[in-house]
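We did not get these values from a lab; they are worked out from the coordinates using the rules stated. Predicted model only: the values in this text are computed from it and were never measured. Note: ideal-geometry Cβ built from the backbone for every residue, glycine included; neighbour counts use all protein chains shown.
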């Protein structure tokens, strides 16, 4: 039997769906126990009344007065029995519905709350990345870049590097900006920390370069997957790229490529940590993740999970939802809705949270089981 200690009356209670369910469950259990105890007492009274009538009958004329009392006791016992039956039918029935509603509320509120968080985070990064698609196409038309490729020499390369450096200083979300010719050789780059290492490197085998030289027009771009950059001491980056065209024209001949290295290591981690903005007591039981289109973990509040595969249970292909895993943790997910003409690459926001333990809630609320 679950009971409140008297001192709980003046103490604040933690109002969560699960704590409300525990309280409802406790009230229901107490009422069920009360009803069972009351029914047992009524049965005992009925038995006593029957025994009293039997003894009154044996006593004959002397027992008639006692028989009247025994009959009244039996009548009152029947009234108590009827009240108990009505109590069970009405009150316990309503408590049963309340329990089911509380359970449904737990499932819905926990899932909806965390699913909304997952949706917010993935939309936040996708909207950010939409702007990157505009950046790379715009900068590819910069005169300093296409002139360095059309008239390659040290002077034009230096001007291109200076221009890229200016852009990089003002757009701190980028790790680097890299300009190549059509063979994949680096002509100029932005980040002075890596310029010497990158100078004249051959990137013909890099996926983003191969996709960029296939862009049909200046309106097109390509995006690589999140990966460690071999040019930047294996820091994690996401490359957006496009072709640089003669004269900066949308339909001009391709004279090279521009790859902008989005600083995913910094920006992705900020999304799952800072933007999630979870209180410490919640953060310690929660893992926030971003998944790419292959359900590969590309950002996580637990960095040890990075680049592992997450087995998202979404056989129905729902855009968002939640479920409980084998450990009893709730898993909430939301697929990106994209932004403008950027489809978001099928990324998901995922939040995994250890659920509150009923016994822990009882302890926090000073409830005890008997």
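Below are the figures for this structure:
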read-out	value
Taking 110, 131 and counting other C-beta atoms within 10 Å, the order from fewest to most	131, 110
Relative frequency of Cα-Cα separations exceeding 12 Å in the range 177-217, percent	56
Label-point separation in nm, residue 48 to residue 216, each point 7 Å along Cα→Cβ	9.4
Estimated FRET transfer efficiency (residue 205, residue 169; beta-carbon r; R0 35 Å; 0.05)	0.75
Cα-projected label distance for residue 185 with residue 127, points at 7 Å along beta-carbon direction, nm	4.4
Rounded to whole Å, sorted largest first: equivalent-ellipsoid semi-axes of the range 230-356, Cα gyration tensor	35, 18, 12
Contact order normalised by residue count of the range 244-310, Cα under 8 Å, 6+ apart, percent	20
Sites residue 326 and residue 193 - FRET efficiency at Förster radius 41 Å, r taken between beta-carbons, to 0.05	0.35
Per-residue Cβ neighbour rank within 10 angstrom, fewest leading, 183, 316, 84	316, 183, 84
Average Cα contact separation per residue, the range 140-262, under 8 Å, 6 or more apart, as relative contact order %	29
Modelled FRET efficiency - R0 22 Å, residue 35 with residue 75, Cβ distances, 0.05 increments	0.55
For the range 252-328 and the range 39-79, distance of Cα centres in Å	74
Ranked 263, 176, 341, criterion: other C-beta atoms within 10 Å, fewest first	341, 263, 176
Taking all pairs of distinct alpha-carbon atoms in the range 251-317, Kirkwood radius in angstrom	14.3
Spin-label model distance (nm) - residue 138 vs residue 307, 7 Å beyond Cα toward Cβ	3.2
